[in-house]
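Below is one structure; the comments refer to it alone.
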Amino acid sequence: MEVIINYRHIKKNFIQSQKADPSPPLGTILGNLGVNTVNFCTKFNVFTSKLPYYFILKVIIYIFDNKSFNFIVSLPATSHILNLLKFEKIIKIRVFDRFHDKTISCIKLYSLFKLAKFKFPNLHLKKSFLII
């Protein structure tokens, strides 16, 4: 015989990778629903331990009738990661007889390859790089 447990609540939060803390606001949100916040924070921090600490992740938490929980973590958007990887460089542009400074945004090619492998680990690198 199979027991089916329906979830009672769904909470959507943005939590920093490796930084879940049972203090407010997360502790208040989950604690009011009867969830063991220390247990949630421990599991979340272990789950995100291989991600950089500066990622802010979208987390969907399913809270069941028996006060247990399950969560789904969405990876950060590609645009957010590209924003973190960019750096500015000043170049000189010659216009007629004068030089002007122009600031451009750059991303290292190596960083783009790492991003492609991170976002699409099961795709061939050539295809994933084209998507990025």
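Filter region 79-127 down to residues that are at pLDDT 90 or above and of a type in the set (Ser, Thr, Tyr) and give me whichever is nearest to Lys50 (Cα to Cα).
Per the criteria, the residue is Ser111.
Within region 20-132, considering only strands (runs of 3 or more DSSP E) that don't extend past its boundaries, which have at least 1 residues that are closer than 18 Å to Ile10 by Cα and among the aliphatic types (A, V, I, L, M)? Even if it seems obvious, please write down each step before you answer.
Values: elements: 56-64, 69-74, 87-95, 98-106.
Because the criterion is at least 1 residues that are closer than 18 Å to Ile10 by Cα and among the aliphatic types (A, V, I, L, M), the strands (runs of 3 or more DSSP E) in region 20-132 that meet it are 56-64, 69-74.
With in contact with an Asp or Glu (Cβ under 7 Å, 6 or more places away or on another chain) and of a type in the set (Val, Ile, Thr) as the only criterion, which of Ile10, Ile90 stands out?
Details: Ile10 fails: in contact with an Asp or Glu (Cβ under 7 Å, 6 or more places away or on another chain).
Only one candidate passes the filter, namely Ile90.
Rundown of residues vs (1) in contact (Cβ under 8 Å) with a residue 60 or more places away in the chain; (2) surrounded by 15 or more Cβ atoms within 10 Å (Cβ to Cβ); (3) within 29 Å of Lys119 (Cα to Cα); (4) outside the structural domain of Lys119 (by TED's automatic domain parsing), yes/no style:
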| site | (1), (2), (3), (4) |
| --- | --- |
| Asn13 | no, yes, yes, yes |
| Leu30 | no, yes, no, yes |
| Val35 | no, yes, no, yes |
| Val38 | no, no, no, yes |
| Val46 | no, no, yes, yes |
| Ser49 | no, no, yes, yes |
| Leu57 | no, yes, yes, yes |
| Tyr62 | no, yes, yes, yes |
| Phe69 | no, yes, yes, yes |
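The values are calculated or read from the model by the stated rules, or taken from the named source; none is laboratory data. Source: prediction; values computed, not measured. Counting neighbours? That spans all protein chains shown, and the Cβs are built from the backbone with ideal geometry, glycine included.
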